[in-house]
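The values are calculated or read from the model by the stated rules, or taken from the named source; none is laboratory data. Since the model is a prediction, treat every value here as computed from it, not as a measurement. So basically every Cβ, Gly included, is an ideal-geometry build from the backbone, and we count neighbours across all protein chains shown.
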């Protein structure tokens with residue numbers, strides 16, 4: 001393809017992105033069945049060895065937890081020195097990142113993905129891969145995000161949009177979305193995502209610990225020790241991200257550190273805000289109990305003291321831990337605004 005024709009096609013695609021509304025006018029499909037309950041607690045650095053889990057590898061919709069991957073993509077390319085923008089543009093897009101993570105602003109998440117798609121390195125990838133643009137966010141999902149997910153160790157995740165909205169919320173360029181274009185993941189993969197984020201992207205970890213940004217609060221009121229019924233008063237919790245769509249239920253990823261031990265808890269498919277909050281807290285409590293119960297035995301098997309000298313021995317193999325059953329069962333309440 002000649003350069004002039006290529007640039008014309010890219011310009012037309014960019015114009016189509018600009019003119020395409022954020023949300024589709026397509027009618028919502030029939031109500032999906034209740035999403036599967038799935039959850040796990042991991043120790044930092046061990047996403048494949050959960051302390052407690054249920055339906056670890058069952059496909060689940062990540063809802064707004066998708067935004068963690070979107071923001072990870074931005075910092076991945078920024079840290080690699082591949083972002084070309086003025087200081088003012090960087091300040092604006094990083095304000096959008098805070099809006100997307102703290103108040104779960106879907107338009108802000110879209111702007112971050114579109115900012116990446118307009119970068120010179122992204123346009124070069126379009127040309128090198130002869131990509132035919134057929135749907136919104138295709139450059140982001142097909143070219144920019146896969147290396148980031150691979151680096152984080154995700155193996156059973158597909159992401160088609162940066163927000164976590166269901167497929168029918170987006171218009172396409174040339175062809176309609178369908179269920180095959182649905183964001184999907186597993187609790188194991190989401191554990192890898194959060195683990196990689198905490199260990200390699202402290203910028204995101206810090207943002208996810210902000211309770212409010214520019215007067216707006218949403219998911220991260222879970223961090224506030226207040227009388228609010230949605231608060232998550234659990235010692236050591238310093239970051240979280242929530243999500244909700246009908247096909248995902250109420251979702252939550254959060255992390256807490258106690259006595260030098262950091263755990264990551266993920267709970268999917270909850271039936272209400274309150275159940276999401278309570279189950280997240282219960283998972284952390286039970287996770288720290290399981291981890292704490294291993295320490296005396298590990299200490300006995302890992303070290304012998306000879307005077308002032310400590311000889312470190314190999315720890316024994318750990319037995320699989322029992323599953324933690326859901327703590328509440330009630331009917332699904334009326335659906336709130338998507339993205340909580």
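Descriptive notes on the structure:
- Only one entry in 78, 43 is farther than 25 Å from residue 156 by Cβ and at pLDDT 95 or above, namely 78.
- In the set 284, 254, only one residue is at pLDDT 90 or above, surrounded by 15 or more Cβ atoms within 10 Å (Cβ to Cβ) and over 22 Å from residue 184 (Cα atoms); that residue is 284.
- Failed item, numbered, when residue 100 is tested on (1) at pLDDT below 95; (2) in a helix (DSSP H, G or I); (3) more than 26 Å from residue 269 (Cβ to Cβ): (3)
- If you go through region 107-132 and keep only what is part of a loop (DSSP other than H, G, I, E, B), under 26 Å from the mean Cα position of the chain (by Cα) and touching a residue at least 60 places away in the same chain (Cβ under 8 Å), you end up with just 118.
- Among the residues of region 133-147, those identified as closer than 23 Å to residue 81 by Cβ and in contact (Cβ under 8 Å) with a residue 40 or more places away in the chain are 140, 144, 145, 147.
- Checked against (1) in contact with a helix residue (DSSP H, G or I) (Cβ under 8 Å, 6 or more places away or on another chain); (2) modelled with pLDDT under 95; (3) part of a loop (DSSP other than H, G, I, E, B), residue 226 passes all but a single condition, namely (1).
- Only one entry of 34, 48 meets the criterion of being surrounded by fewer than 16 Cβ atoms within 10 Å (Cβ to Cβ), over 30 Å from residue 126 (Cα atoms), touching a strand residue (DSSP E or B) at 6+ places or on another chain (Cβ under 8 Å) and modelled with pLDDT of 55 or more, and that entry is 34.
- Members of region 184-217 that are assigned to a loop (DSSP other than H, G, I, E, B) and modelled with pLDDT of 95 or more: 186, 201
- Flag for residue 68 being in a helix (DSSP H, G or I) and modelled with pLDDT under 95: no
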